[in-house]
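Input: a single structure, listed below in structure tokens.
The values are calculated or read from the model by the stated rules, or taken from the named source; none is laboratory data. If you're wondering where the values come from, they're calculated on a predicted model, not measured in any experiment. Reconstructed Cβ throughout: ideal geometry from the backbone, glycine too, with neighbour counts over all protein chains shown.
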Amino acid sequence: MNVLFVADPLEAFKIYKDTTFSMMRELARRGHKLAACEPSDISWKSGGVVTATVREVTLTGDKDRWFTEDATPRRALKDFDAVVMRKDPPFDSEYFYATHLLEQAEREGAKVFNKPRTLRDHPEKLAIMEFPQFVSPTLVTRDGAQVRQFHAEHGDIILKPLDGMGGMGIFRVKGDALNLGSIIETLNKDGAETIMVQRFVPEITQGDKRILVIGGKPVPYSLARIPQGTEVRGNLAAGGKGVAQPLTDDDRRIAEAIGPVLAARGLLLVGLDVIGSCLTEINVTSPTCFQEITDQSGFDVPAMFVDALEAALAA
């Protein structure tokens, strides 16, 4: 099997924790061929097919120089057995255009994971609104007056931008409403941008759990990302501590309800974020935490992913 990864620059990978690297390593262990490109390497000329300048990659096993590459001419994406879209957020205009190019490659015969159209249809924060039975009281709005009313009703709230990542731009406002007006203005740009507001879930002290769902089935361990010090955010990028732990009954109930629905739409890999028993985000662009869960629990997450990828290609 020949697999193309559409990802960030290989030179930027931190291989001791990078999920895409762990996927590559497991594929190579099974004898599959690897290639990589960035979204900027993909193009489509009228009358032709979608192509990319790719790097044919061989893993070395050396942590300092972890790959070698062979120069190749442009190749059609449809000529690969699988194309794995692993470009990290933000989901900006260029990411959006990349999904259109990948969707055209699909029409030409490429098999792309996660499915490009489904990536566009599932903005990672808004996607939770489809499953209200699992969600803390939530408001999506541009209207500052609605935010104030929501705060008056719930007293302790979280405000966040819809396009944030890694915990960026997240604010907590308690019952005293300190700085609420300024935070609203900062996030919604005086009504120009839509934001999300949620009732604060106090179980964040026990961790913001990342639950991986692969091929519609949950990995049996989550990674609880626990805020440190006075920080309210558990994101690893914001200094949270990652602790692998078995799924709770609530975790499994959420994952088993949502996983098959999203898998049927072409999402081979999903990362559900859960605080307590509340779903807070559905990550579909580039879910992570493979290595942290594997290293701490002993459960081989990359192997489960490659099993699911091989099964999807054989279907």
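Points to keep in mind about this one:
- Of all residues in the range 286-297 being in a loop (DSSP other than H, G, I, E, B) and at negative phi, the one that is farthest from the chain's Cα centre (by Cα): 288
- Residue in the range 147-158 that is surrounded by fewer than 20 Cβ atoms within 10 Å (Cβ to Cβ), in contact with a Lys or Arg (Cβ under 6 Å, 6 or more places away or on another chain) and farther than 17 Å from residue 186 by Cβ present: yes
- Answer from 225, 210 - the residue that is in contact (Cβ under 8 Å) with a residue 60 or more places away in the chain and either among the hydroxyl-bearing types (Ser, Thr, Tyr) or within 30 Å of residue 264 (Cβ to Cβ) (or both): 210
- Count of residues meeting criterion [β-branched (Val, Ile, Thr) and in a loop (DSSP other than H, G, I, E, B)] in the range 230-285: 5
- Lone unmet requirement of (1) among the small types (Gly, Ala, Ser); (2) out of contact with any Pro (no Cβ under 6 Å at 6 or more places or on another chain); (3) in contact (Cβ under 8 Å) with a residue 12 or more places away in the chain for residue 152: (3)
So that you can scan it fast, the table gives a plain yes or no per residue for (1) surrounded by fewer than 18 Cβ atoms within 10 Å (Cβ to Cβ); (2) outside the structural domain of residue 300 (by TED's automatic domain parsing); (3) assigned to a helix (DSSP H, G or I):
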site: 8; (1), (2), (3): yes, yes, no
site: 28; (1), (2), (3): yes, yes, yes
site: 31; (1), (2), (3): yes, yes, no
site: 36; (1), (2), (3): no, yes, no
site: 40; (1), (2), (3): yes, yes, yes
site: 46; (1), (2), (3): yes, yes, no
site: 51; (1), (2), (3): no, yes, no
site: 57; (1), (2), (3): no, yes, no
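- Of the candidates 74, 86, 120, the single residue that is touching a Phe, Trp or Tyr at 6+ places or on another chain (Cβ under 9 Å), among the charged types (D, E, K, R) and either at positive phi or free of Cβ contacts under 8 Å to residues at least 40 places away in the same chain (or both) is 120.
- The requirement of being part of a helix (DSSP H, G or I) and of a type in the set (D, E, K, R) is fulfilled nowhere in the range 62-77; no residue meets it.
- Selected residue (criterion: surrounded by the most Cβ atoms within 10 Å (Cβ to Cβ)) from residues of the range 295-315 that are more than 24 Å from residue 79 (Cβ to Cβ) and of a type in the set (Gly, Ala, Ser): 297
- Residue count for the range 17-26, restricted to those that are basic (Lys, Arg) and part of a helix (DSSP H, G or I): 1
- In a residue-by-residue description of the range 298-314, the property of being under 14 Å from the mean Cα position of the chain (by Cα) and closer than 19 Å to residue 23 by Cβ applies to no position.
- Only one entry in 255, 263 is crowded, with 23+ Cβ neighbours inside 10 Å and more than 26 Å from residue 14 (Cα to Cα), namely 255.
- Counting the residues of the range 115-170 that are of a type in the set (Gly, Ala, Ser), under 19 Å from residue 288 (Cβ atoms) and modelled with pLDDT of 95 or more gives 1.
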